[in-house]
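The block underneath contains the structure these notes are about, expressed in C-alpha cells.
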C-alpha cells in the first residue's frame, strides 16, 4: 500500500492528479473504489438473473448487527472483521438453506430475515452506543472514505482475488444453472453447489463493501448498474461489460466528487446517486433506440 501511495503522490507532484491526492486516506478510498466497482459490477448481472436483489439488501442490513456484535465481543470498533464476516456469512447461508428446503415464497422469507437483522441490530446498538462514538455506526450505515484503512484494502484484495478466480472458472456454468436448471443438470452442473458459492460471494463482497458504500446502500450498487446495463445491452457480453463499467464509474465519481466539494454528502450516498443517474441515462438511451 505504501508503494501505491507514493506512486499516486508522485503523480500529484508532477501535476497529473489534483491536490487532494496528497492525502493518503483518499488514495486508500480510490483503491477501494477501483476494487469494489468491478467486483460488484461483475456480480450484478447474476443477481439480476437469479432475482436476488432483495437478498443482497438483507445481507447488507445484517452487516450492522455484525459490527455491533464485534464491538460487544471486544473487536476494534473500526475493524470488527471476525464477527462481521461470520455473522453475515451465517446469515446468508442459513437464509438460502431454509429457502431450498421449504416452499415459503422467497421474497417473504428474505423479508423475515431482513426484519430480524434490523431488529437485532437496533437492539444491540443501544449497548454499543455506550462504548463507541455514534459516528462509527453512521459510517457503517452510509459509508465513509475516511474510515478505509490498509487492512480494509488487503481484505478487499483477498476477496477480489478469490471472487475473480471463481467468476472466471464458473461464471458460464453459474449462468446456465440460473437460466436453465434442467439443461444444466443434463450437462452435469451441480446447481446446488453453484448456488451456495454465489450466495457466499454476495455475502463476502457485501461485507467488504460496507466501509465505502454503507450497509444500507451496498445492495443498491449490486442492483442499479446491472439493471442499467441490461436495458442497453444487446447480448450477455455487453450486459457484463456495461455493468462493470457503470459500477466502477459510480464508485470512482462517488468518491472523488464529495472530496472535491461538488457533492457535500457521504461517499456511499454519492455512489448510489451517480449509479441512479446512469439508470436514468440508460432509460433515455433505450427509449431513443425504440423510437429510431
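Read-outs throughout are calculated quantities, based only on the coordinates presented, and are distinct from any laboratory measurement. Please read all numbers here as calculations on a predicted model, not as lab measurements. In this analysis, Cβ positions are derived from the backbone assuming ideal geometry, glycine residues included, and neighbour counts consider all displayed protein chains.
A full extension of the chain between residue 291 and residue 23 corresponds to an added length of 91.7 nm, given 0.36 nm per residue minus the alpha carbon distance. Only Cα pairs under 8 Å and 6+ residues apart enter the sum, and on that basis the relative contact order of region 42-291 stands at 27 percent.
When each of the peptides 280-290, 231-241, 64-74 is scored by how many other beta carbons lie within 10 Å of its residues on average, the order from highest to lowest is 64-74, 231-241, 280-290. Judged by the gyration tensor of its Cα atoms, with axes a ≥ b ≥ c, region 42-291 is oblate; a/c meets the 1.5 cut and b/c is at least as large as a/b. Give the calculated FRET efficiency between residue 185 and residue 161 to the nearest 0.05, with a Förster radius of 35 Å applied to their Cβ-Cβ distance. Using R0 = 35 Å, I get an efficiency of 0.70.
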